[in-house]
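The values are calculated or read from the model by the stated rules, or taken from the named source; none is laboratory data. Keep in mind that what you see is a predicted model, and the values were worked out from it rather than measured. Cβ: placed from backbone, ideal geometry, glycine included. Neighbour counts: every protein chain shown.
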Amino acid sequence: MRMLWWFCGHTRRDRVRNEVIRDRVGVAPIEEKLTQHRLRWFGHVQRRPPETPVRNEVLERVDNVNKGRGRSKLTWDESVKKDLKNWNISKEIVLDSSAWRLAINVPEP
């Protein structure tokens, strides 16, 4: 956001909302872009053969680790499941890369 403020000639002292700056420059919200990149990596991992190291290490975690106190940390698997549910995307279209790319695309405003 600091770069966008500088690009528009504003400072924090001008008290212009981030949404206004993003609309003026034409940039999508960062949360949506992060979700898009996470889902793009998920599609890449899913399309790999099952014996590749990246698929073995990412998708087949060891769950018998001794856990500490408190709430457990949000894992990559759980965040991908949440993203798929929020965006109403099924896992079945992962194998079709062009359909997957269209499903996870975040258009620039």
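Looking only at residues of segment 8-31 that are within 22 Å of Asn86 (Cβ to Cβ) and surrounded by 14 or more Cβ atoms within 10 Å (Cβ to Cβ), we find that the one that is farthest from the chain's Cα centre (by Cα) is Arg22. Taken as a whole, the condition of being modelled with pLDDT of 90 or more and either surrounded by 11 or more Cβ atoms within 10 Å (Cβ to Cβ) or touching a His at 6+ places or on another chain (Cβ under 7 Å) (or both) does not apply to Lys91.
Can you tell me which residue within segment 31-73, out of those that are aliphatic (A, V, I, L, M) and either touching a Lys or Arg at 6+ places or on another chain (Cβ under 9 Å) or assigned to a loop (DSSP other than H, G, I, E, B) (or both), is modelled with the highest pLDDT? The selected residue is Val45.
List pairs: first in segment 74-97 and touching a residue at least 40 places away in the same chain (Cβ under 8 Å), second of a type outside the set (Lys, Arg) and in a helix (DSSP H, G or I), Cβ under 6 Å, 6+ apart or cross-chain? Sorted first by the residue in segment 74-97, then by its partner, the pairs are Val80/Phe42; Asp83/Thr35; Asp83/Leu39; Ile89/Ala103; Val94/Gly43; Val94/Gln46; Val94/Trp100.
For segment 77-109, enumerate the residues that are of a type in the set (Ser, Thr, Tyr), more than 28 Å from Val25 (Cβ to Cβ) and in a helix (DSSP H, G or I). Answer for segment 77-109, where residues must be of a type in the set (Ser, Thr, Tyr), more than 28 Å from Val25 (Cβ to Cβ) and in a helix (DSSP H, G or I): Ser97, Ser98.
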